Amino acid sequence: MNIIYFVVQNSFLFIVPLMIVALGGMFSERSGVINIALEGIMIIGAFFGIFFIRLFSGTMPDQVLIIVAMLVSITMGVIYSLFHAYASINMKANQTISGTALNLFAAAFTIYTAKVLVGAKQIDFKNTFRIAKVPLLGDIPVIGDFFFKNTYLFTYIGLALLLLSSYVLFKTRFGLRLRACGEHPQAADAAGINVTRMRYAGVMISGALAGLGGLVLIVPITTNFSGDVLGYGFLALAVLIFGQWKPSNIFFAAVFFGVTSTISNVASIIPFLAVLKLPSAVYKILPYLATLVVLTFTSKKSAAPKAAGEPYDQGKR
Amino acid sequence: APKKATYEIAMITDKGDIDDKSFNQGAWEGVKKYAEDNKKTYKYYKPTEISTAAYVAAIDLAVSGGAKIVVTPGFLFEPAILVVQEKYPNVKFVLLDGFPNNQIYTADYKEKITSNTYSIFYREEQSGFLAGYAAVKEGFTSLGFMGGMAVPAVVRFGYGFLQGAEYAAIELGLTSVNVKYFYTGDFADTPANQQKAAAWYAAGVEVIFAAGGKVGNSVMSAAAAAGKKVIGVDVDQSAESPTVISSATKGLGASVILALDSFYKNKFPGGTKVSLGADVNGIGLPQNFAKFTKFNKAAYDAIFAKLVSNSIDLKDNADAATADLLGLTKVIVTLEN
Amino acid sequence: MDYVIEMLNITKIFPGIVANDKINFQVKKGEIHALLGENGAGKSTLMSVLFGLYHAEEGTIKVEGKEVKIHNPNIAKDLGIGMVHQHFKLVHNFTVLENVVLGVEPIKNGQLYLKDARAKVLEISKKYNLYIEPDAIIQDITVGMQQRVEILKMLYRENNILIFDEPTAVLTPQEIVELMKIMRNLASEGKSIIFITHKLNEIKAVANRVTILRKGRSIATVDVKSTSVEELSEMMVGRKVIFNIEKQAQNLGKPILEVKDLVVKSNRHHKNAINHVGFKVHRGEILCVAGIEGNGQTDLVYALTGLTKVESGTITYKGKDITHQKVRTRSIDGISHIPEDRHKHGLVLDYTLAENLILQTYFKEEFQSHGFLKFDNITNHADALIKQFDIRSGEGAESSTRSMSGGNQQKTIIAREIDKDPDLLIAVQPTRGLDVGAIEYIHNQLIKQRDNGKAVLLISLELNEVMNISDRIIVIYEGEIVGEVDPKTVTEQELGLYMAGSKRENVS
Amino acid sequence: MKNLSKNKAVINGSASVLSILIGFGFSFLVLLISNAPYSFVGLTTLLLGGFNGGMQGIGNVLYTAGPIILTGLAVGFAFKTGLFNIGATGQFIIGAFTAVYVGVRWTFLPVEIHWVVALLAAFIAGGLWALIPGILKAYRNVNEVISSIIMNYIGLYLVNYMIKITIFDPTKNQALMPTRAYLPVYGLDKIFTNSSINVGFFIAVLMAIIAYIILEKTTFGYELKACGFNRFAAEYAGINSKRNIWLSMVISGCFAGLAGGVMYLAGSARYFEIIDLLLQYPEGFTGISVALLGLSNPIGIIFAGIFIGYIKIGGFYLQWYPIMPEIVDLMVAVIIYLSALSFFFRAKIVYVLRKFEAKK
Ligand SMILES: Nc1ncnc2c1ncn2[C@@H]1O[C@H](COP(=O)(O)OP(=O)(O)OP(=O)(O)O)[C@@H](O)[C@H]1O
Ligand SMILES: Nc1ncnc2c1ncn2[C@@H]1O[C@H](COP(=O)(O)OP(=O)(O)OP(=O)(O)O)[C@@H](O)[C@H]1O
Ligand SMILES: [Mg+2]
Ligand SMILES: [Mg+2]
C-alpha cells in the first residue's frame, strides 16, 4: 500500500505541470493560435519565479512566498506570450516559426541573464514549499495518504485550474466565443466578436499557465534551475493533442503519462517489477510507446480546432 | 575601444559549464581564487562541441588570447593535450583526471607527456571510502549510491564508498549493510532522478551518496521531502541543502591552485603525473561533523590516518568491471540499471 | 423619400482591383431590394462594407438619414443591420442555438444562460415558419436548415435591415418558395431586405427594386415590375444572353457507364449513403442526377471516380468492371471529373495556373520524361488552354491560382477536364455561383461534349440547369433513385416533389 | 527580366537579410546594456563571424554547417510537403548510432568504402525511424508532431541502451570511436588548416541540390508538394497521398539520419555519449531554425546553414573578450522571430520596390 501511495504522490510531480501547461496550450489553440512556444514560456516562468524565490526566501512565510512566486511566473509568462500573440495575431506570422523562435530565445535569454545577474547560469534556491501533511485532510484514511500527504500547493491549484478551465471553456460566454474563434473566426467576427481580442486572451492564458507550469515543474525536483525545462513543454503539447483539446481528456492524458513515467522511474522498489530486472531503457521507453499505441487507435477522428494555426484574415473567405 | 585583452591563465570547459557542480566548477574555482589572490588575468573558454578537434581549437583560441598556462578538466581532454603540448611548447598545461594519450585502445595506442604538461589524478576511491565509512559508522545500514555517468572518477567514488561501508561494517561487527547502486546516465536534475531517489528513500534507504554533478540537486530535493540524508561530492555541498551531512571532496581547486602557484614560482612540475590522495590532503571530508551524531572528528582522523599511511588497500575502476565484483562480504550491493 | 440605407460614393480597393467604384446604393424602408451583377462585380464587397467587415476608402453611409461610421460588425449590429453571408458563417461543431446566440449570449451569474434564448428562438422559428432543431450540431444538418439558422440569427438580433447574399444558390425549389414567403413576410412587417442573387426569376418574383452592378460600378437602379428579365441581364453583362440553349437532336449511342446495385457506406451516419442504386449513361447524352444536397450525390460521384470505397455492387465502364479501380486508372481510361468543391478537390491553390492545368496529366509523356517535368511543354499547354477557354488572370500561366476569381478558377478546372478529351465527363455543380455569362459558356461546353458522342453525367441542384441541358433526369433521394423523368415533359414543381421525397416511382 | 517587385528570390532574400541585420542590431543593443565597453568590438567580431579565425575559422564554419544543413533539409523538405517533422532529433540520433555502429563493428569492409557504407546506413536508419510517424500519419491520422516528439524520446533511450550492449567503452562511458570510418578530408585540411572540415559539408550541399531537383523538377516533387498543399486535390488527381506522406517523412528522416552520420563520423573525434537528455542533440532543433531561415527552400537552407555556422563560430571567437558567447543564441532567436514576421517585411519590400520602379 505504501508503494501505491508513493507512486500516486510522486506522479503528481509529472501530472500537475503537464496538465497545467497542456491546459494553457488548449486555450491558445482553442482560440486559433498554435502555441509551440510552451517550452520557452515555461522556461521564462520558471526563471523569474525561481529568481524571485531566491531573492525573497525567508522574508515571508513559505506558502505565501510560493504564491507570490507563482504570480511572478504567471505575469512573466503572460508578458512573454505577448510576443507570440503579436507575431501570430497582428503580424499574421507563421505560428510555428514564431513559437520556435520564442523557445530558442527563452533558453538563451535565461542563461545570458543569469550569467549577467548571478554570474552562473544556475540559480540556486531553497525549496521550502513541500507540505508534509495537510492539516485534518491528511488524516483521512487512504484518501489522505493519496492526496494530502507529501504534496505541494501546486497540486490543488492545478486541480482547481482543471475545473476552472472546463467551466470557463464550456459554461461561460468567454469560452463560447473563444471556441468560435478557434473553429471559425469569420463566423465569430460576423457575430460581432473581436477575434483579435479573443485570440490575445487565448494566447495570454496559455502564457499564464505555461509560465506557472514552468515553476511548478522545477520547484519539487531540484534545488537549482539551469535554464531548461527538460522538454516538458513539448511533452505538454503531446498531452494536449493526446487529450484532444478537452480539459477532461487532458487530465487523463497527463495522468496516464505521469503514472507510467513514475512507475518507470521507481520500478526498482515495486516488488513485482523489481524481480523482472528489465533494463531501465524498457521503463524509460514504455510511457512513450504506450502513448503512441493509444494514439494509433484513437486518432482517426481529430478534434483539433479547425482554424488553429491560420492567421485570421478578415478579407479571406 | 578595448583591444583584444590577454588572459594568462586559461581554462577550457569540457562539456559542462563552470557551474556544473562538478569538475569544471571545482577547477574554475581554483583558477579564479589563485588569479584573484595573485592579480593574474584569467578566463575560461567554451569549445564549440565535445570533440578533440574542438578542444584543440579552444586551446588555440586561448593561446591566441595570451594564455601562458591552460587548465583542462577531465579525461576527455587527453587526446587534445597530446596534440597541443607539442604544438605549444611554451605554454603549460594542467590536465586534471587524465594523462595525454590518443584514447585509441588498440595497436595504435599512443601516450606521451612532455615537460610542459602536468597530469593530476585524484584518488576518488579514498574520498568515497571515507564517505561510506562515515555513513555506516553513523549507524546507517541502508545506503544508496547514485552516480552520474559511469566515468572513471565517478566509478572510483562509488567503489570507494562500498569499500568504506564494508570496512565500517566489519569494525562494527554488522552482518550486513545494504547499498543500492545506480548510475543515472546523466549529470542533470531531472524528475526521473528525483523520483528514483525518492523511491529509494521510500524503500528505506537512509542516506544517498550523490556523485553526479546536478544529480545531487535532485537527490537533495527528494531527501528534503523524505526527511532523509545526502552525502555530496567533489566540493563541500553542505550549503546547498540542510540534508547534506557531509561531502566526499577531492581537492580540485586546491590542486589547481598549487599547480598555478608552482608555475608562477618557476617550479612547474611538467612531465609528471600525480595521484592525489589522503597523503597529500588531495581528498577528504569537510572538517565540520556537526550533522553527525555518532561519527565524529576523532573517528575521522583515525581512519584518515590509515589512508595516509596506505594501510588500507582499495580497489578502483581498474580492478573490477562492476560493483558486485569487488568481493565484498558485509555489503550487499543491489545494482540497478 | 426616406431611405433606411444610403451608401453614397462608396469606393473599395483591393490590391490590383477597384471592387467598388463610387457606388451609390439606396434602400427604402420595407422594400426588397435586389442587387445584381456578374461574378466579381462587387456585390459581396459592397455588403461587407455596409456590414463593417471591410472599410471603404471613400464614401459615406447613412442609416435612417444619419451619417454613420461602421467600423465593425458590432456597430452594424447596433444599427439593426443583419447579414446572411454567401458562405455561411456558422461554427460547424456548435449547436444551432449556440450559433444563434453567438455574440449576444445571455448570461446569468457569469454563466451562459440559454433557457430564455431557446424559448425566444423557438418562438421566432414558429412565427416565421423557420423549422430548426435547436440542439442539433451544425455539421449534421442540411444546408437548408443552416440557411434557416442564419436567418434566425438575424431575426433573433431584432435587425430591421436584412442582407441576404445569394441565399438561394443552395436551396431546393420548395425551399426557395418558402424563403420568398418569409422575405415577403418580413418586408410587410417593415423590415428592409437586400437580396443578392444571380437568378433573375427570383428577382422578378420578390424584389421591388433592383440595383445592377458591373465591374465595380453601379449601372442602374430600376423598378422590377417595369423591367424584363432580358433587360436585366443585358444591363448586367453588357450584352444579350441567350437563355434557352439550342440543342441539336440527340444522337444516342451505346451505354458507356453501367451502375448496378451500388451500395456505398456513409461516413456520417449509419445508413447507406448510396443504397442499391443502378442506372446507365449512354454516349451522346447528358444524364442529370437531380437531388437536394445531402442525398448521396457526393458519395455517388466519389464512388464513380474512385475517391471512396464501394461496399457492394458493380460499376462497369466501357464494358470493363472498374468497381475497385484506382482514381488514376479511371482517369486514364477517359473519365473526367469536375468536382463539387473547387477549393477542396479541384485545385491546388498554391500551385500556378499552369501547374493546375496538368494536375490530371503531369505523368504523361507530354509533360515528363524519366520523372523530370518538361516545363516548356507545360507552359505552352497552359497558354493554349488559357486562350481557348478565356481564363482571365493577372499573370497568365504563372498566376497563383489562389488569387484568381471564383469564376476563372472554375474555368480552369473545366478547361483541364475537357482538354483531357474524356469519354465520360462527370460534372458536379459546374456553374455554382457563376454569373449568367459564365454559365452560358460552360453549358455550351457540356453540350459540345454530348454532340461529339461523349457522355456527360451532370449533378446539379440548379433546376434551371437541369431542365435546360439534360437529355434525361434521374432523381436521387436519401441515397436511392426515386424517379426518372424527361426534362421536356416534367414541370419544375413535379421535379421538386421528387427531390423532396414526396413523390416516388419505381425505377428499374 | 521580370520586375524586381515580382521576383520572389529577391524579395525573400532581402526579407531574410533585413531580419539578419536587425538581429545584429539587437545583439549590439544587448551588448550595450550588459557590456558597454566591449559592445563595438563585440559587434565587429560577430559580423566577422568565421573570418575571425582565418582559414581555420572558415573551415570550421563549413564543418559546423554540414550537419545542420542536413537537419534543416529534413525539416524543410517535410515542410514543403505539408508535414512538420519535429522528429529530426530522433532520426539524427538513430542515424548517428547506426553510423558509429557500422564504423566500429563492420571492420570486414574494405577501409576505402567503410565510411560510405556507414553513412549509407545512417541515411537508411534515419529514414526508417521517420517511417513510423509517416505510416501512422498516413494510415491512422496520428498527428506527426506528437508522434515525432515521442519517437525522439524513444530513439534517445533506445540508442543509449543499444550503445551499452553493442559498442560501449565502459572506461569512458561513451561509444567507441568509429576511427576506421572517419570521413575523408581530401586535402581540405591543407586549405583550411587546423579546422575540422571534411567532405560532410559537400555531402550536405549535394543533398540540398538533390532535394531541390526532386521538389522543383520532377513529377515526384510535383506529387509531394500537391499532397502537402492540398491532400484532397492530390487524391482527386489520383495521387497516392498516403504513400506520399510516408515517403516524404522517410526522405526527411534520411536527411536527418545522414546528418547524424556526418556529425559522428567526422574526424574531429566527437564523443558519442550516453546521456538521457534530448538537449544533448541540439542539431535537430537547429534544423527547424535553419529550415525556417531558408524558407524551406533547399538552396536557401544551404545559405541558412552556412549563416548559422558562421555566427556560431563568430560567437566562439567572442571569447577573446569578456563577452558571453550565448549572445549568439539570443541573436539567432531574434532573427528567427523576425523571419516569422517576414510576411510583413516582404509586403514592405514589395511596396518600396514598386515605388522605386514607378519612379523609373
Ligand atoms: N479580400 C479580397 N482581396 C482581394 N480582392 C478581393 C477581395 N474580396 C473581393 N475581392 C475582389 O473584389 C471584386 C469584387 O468581389 P465580390 O466578392 O464583391 O464580387 P461579387 O459581386 O460578390 O461576386 P460573386 O457573384 O461571385 O459573389 C472581385 O474581383 C474580387 O476578386
Ligand atoms: N486571400 C485572398 N487574397 C487575395 N484575393 C483573394 C483572396 N481570397 C479571395 N480573393 C479574391 O476573391 C475573388 C474570388 O471571389 P469571387 O467572388 O470571384 O468568387 P465566387 O464566385 O464568389 O466563388 P464562390 O462561388 O466560391 O463563392 C478572387 O478574385 C480573389 O482575388
Ligand atoms: Mg459574392
Ligand atoms: Mg459567388
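The values are calculated or read from the model by the stated rules, or taken from the named source; none is laboratory data. These numbers come from a predicted model, not from an experiment. Positions of Cβ are backbone-derived with ideal geometry, glycine not excepted, and every protein chain shown enters the neighbour counts.
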Condition first: at pLDDT below 95, within 13 Å of another protein chain (Cβ to nearest Cβ), crowded, with 24+ Cβ neighbours inside 10 Å and in a strand (DSSP E or B). Can you find one or more residues in the range B:183-195 that meet it?
yes
Of all the residues that make up the range C:22-52, how many are under 20 Å from C:Ser403 (Cα atoms) and either more than 16 Å from ligand 4 (Cβ to nearest atom) or within 12 Å of chain A (Cβ to nearest Cβ) (or both)?
3
Of all residues in the range C:127-145, how many are part of a loop (DSSP other than H, G, I, E, B) and in contact (Cβ under 8 Å) with a residue 24 or more places away in the chain?
10
List the strands (runs of 3 or more DSSP E) that sit entirely inside the range C:172-265 and contain at least 1 residues that are out of contact with any Lys or Arg (no Cβ under 6 Å at 6 or more places or on another chain), farther than 29 Å from C:Leu304 by Cβ and in contact (Cβ under 8 Å) with a residue 12 or more places away in the chain.
C:192-196, C:209-214, C:217-223
How many of the residues making up the range D:150-163 are under 22 Å from the mean Cα position of the chain (by Cα) and at the interface with chain A (Cβ under 7 Å from one of its Cβ atoms)?
3
Return the residue satisfying two criteria in turn: it lies in the range A:275-301 and is assigned to a loop (DSSP other than H, G, I, E, B) and not hydrophobic (A, V, I, L, M, F, W, C), and of such residues it is farthest from the chain's Cα centre (by Cα).
A:Lys277
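Among the residues that make up the range C:229-250, is at least one of them among the basic types (Lys, Arg) and under 24 Å from C:Ile10 (Cα atoms)?
no
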Residues A:Leu169, A:Leu102: which one is within 12 Å of another protein chain (Cβ to nearest Cβ), in contact with a Phe, Trp or Tyr (Cβ under 7 Å, 6 or more places away or on another chain) and touching a residue at least 60 places away in the same chain (Cβ under 8 Å)?
A:Leu102
Would you confirm, using the coordinates I've provided, whether C:Leu46 is within 15 Å of ligand 2 (Cβ to nearest atom), without any contact (Cβ under 8 Å) to a residue 40 or more places away in the chain and either not hydroxyl-bearing (Ser, Thr, Tyr) or not assigned by TED's automatic domain parsing to the domain that holds C:Gly216 (or both)?
no
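Given the residues D:Thr219, D:Thr193, D:Thr166, which is the only one that is within 14 Å of chain A (Cβ to nearest Cβ) and among the β-branched types (Val, Ile, Thr)?
D:Thr166
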Unique match (being more than 24 Å from D:Ile210 (Cβ to Cβ) and among the hydroxyl-bearing types (Ser, Thr, Tyr)) among D:Thr107, D:Thr89, D:Thr64, D:Thr98
D:Thr107
Close pairs (6 angstrom Cβ cut-off, 6 or more residues apart or separate chains): at the interface with chain C (Cβ under 7 Å from one of its Cβ atoms) in the range D:229-240, hydrophobic (A, V, I, L, M, F, W, C) anywhere
D:Phe229/C:Val348; D:Asn230/C:Val348; D:Ala233/C:Val348; D:Ala237/C:Leu359; D:Gly238/C:Val327
Checking C:Lys411 against (1) buried (at least 22 other Cβ atoms within 10 Å of the Cβ); (2) assigned by TED's automatic domain parsing to the domain that holds C:Ile473; (3) within 24 Å of the chain's Cα centre (by Cα); (4) away from ligand 3 (no atom under 16 Å from the Cβ), which test does it fail?
(2)
Quick one: how many residues across the range C:407-429 are of a type outside the set (D, E, K, R) and at pLDDT below 90?
5
Consider C:Ala19 carefully, then state whether it is under 26 Å from C:Ile182 (Cβ atoms) and either modelled with pLDDT under 90 or within 16 Å of ligand 3 (Cβ to nearest atom) (or both).
no
Yes or no: A:Thr110 of a type in the set (Val, Ile, Thr), assigned to a helix (DSSP H, G or I), crowded, with 24+ Cβ neighbours inside 10 Å and touching a Gly at 6+ places or on another chain (Cβ under 8 Å)?
yes
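Quick grid of which residues meet (1) more than 17 Å from the chain's Cα centre (by Cα); (2) more than 25 Å from A:Leu164 (Cβ to Cβ); (3) among the charged types (D, E, K, R):
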{"site": "A:Met26", "(1), (2), (3)": "no, no, no"}
{"site": "A:Leu38", "(1), (2), (3)": "no, no, no"}
{"site": "A:Ile44", "(1), (2), (3)": "no, no, no"}
{"site": "A:Leu55", "(1), (2), (3)": "yes, yes, no"}
{"site": "A:Val78", "(1), (2), (3)": "no, no, no"}
{"site": "A:Leu102", "(1), (2), (3)": "no, yes, no"}
{"site": "A:Thr110", "(1), (2), (3)": "yes, yes, no"}
Please specify each residue of the range C:85-107 satisfying the condition of being among the aliphatic types (A, V, I, L, M) and within 7 Å of chain A (Cβ to nearest Cβ).
C:Leu90, C:Val91, C:Leu102, C:Ile107
Given the condition touching a residue at least 40 places away in the same chain (Cβ under 8 Å), away from ligand 1 (no atom under 16 Å from the Cβ) and more than 23 Å from D:Thr218 (Cβ to Cβ), answer yes or no: does some residue in the range C:391-405 qualify?
yes
Name the residue, out of C:Gly82, C:Gly110, that is more than 16 Å from ligand 4 (Cβ to nearest atom), farther than 21 Å from C:Ile138 by Cβ and either within 10 Å of chain A (Cβ to nearest Cβ) or more than 27 Å from the chain's Cα centre (by Cα) (or both).
C:Gly110
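Collect the residues in the range A:3-16 that are within 12 Å of the chain's Cα centre (by Cα) and either within 9 Å of chain B (Cβ to nearest Cβ) or closer than 23 Å to A:Gly175 by Cβ (or both), keeping them in residue-number order.
Within the range A:3-16, A:Leu13, A:Phe14, A:Val16 qualify.
Quick check, is A:Phe256 of a type in the set (Phe, Trp, Tyr), in contact with a strand residue (DSSP E or B) (Cβ under 8 Å, 6 or more places away or on another chain) and modelled with pLDDT under 95?
Judged against the criteria, A:Phe256 is not a match.
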Of the criteria (1) within 9 Å of chain A (Cβ to nearest Cβ); (2) at pLDDT 95 or above, which one D:Ser147 fails:
(2)
Out of curiosity, is C:Ala397 hydrophobic (A, V, I, L, M, F, W, C), farther than 30 Å from C:Val277 by Cβ and modelled with pLDDT under 95?
yes
Being small (Gly, Ala, Ser), under 17 Å from the mean Cα position of the chain (by Cα) and away from chain C (no Cβ under 14 Å) narrows D:Gly187, D:Gly200, D:Gly267 down to just D:Gly200
Considering only the range C:163-177, I want to know if a residue exists there that is out of contact with any Pro (no Cβ under 7 Å at 6 or more places or on another chain) and modelled with pLDDT of 90 or more.
yes
Given the conditions (1) more than 16 Å from ligand 3 (Cβ to nearest atom); (2) farther than 27 Å from C:Asn74 by Cα; (3) in contact with a Gly (Cβ under 9 Å, 6 or more places away or on another chain); (4) not β-branched (Val, Ile, Thr), every one holds for C:Ala187 apart from (2)
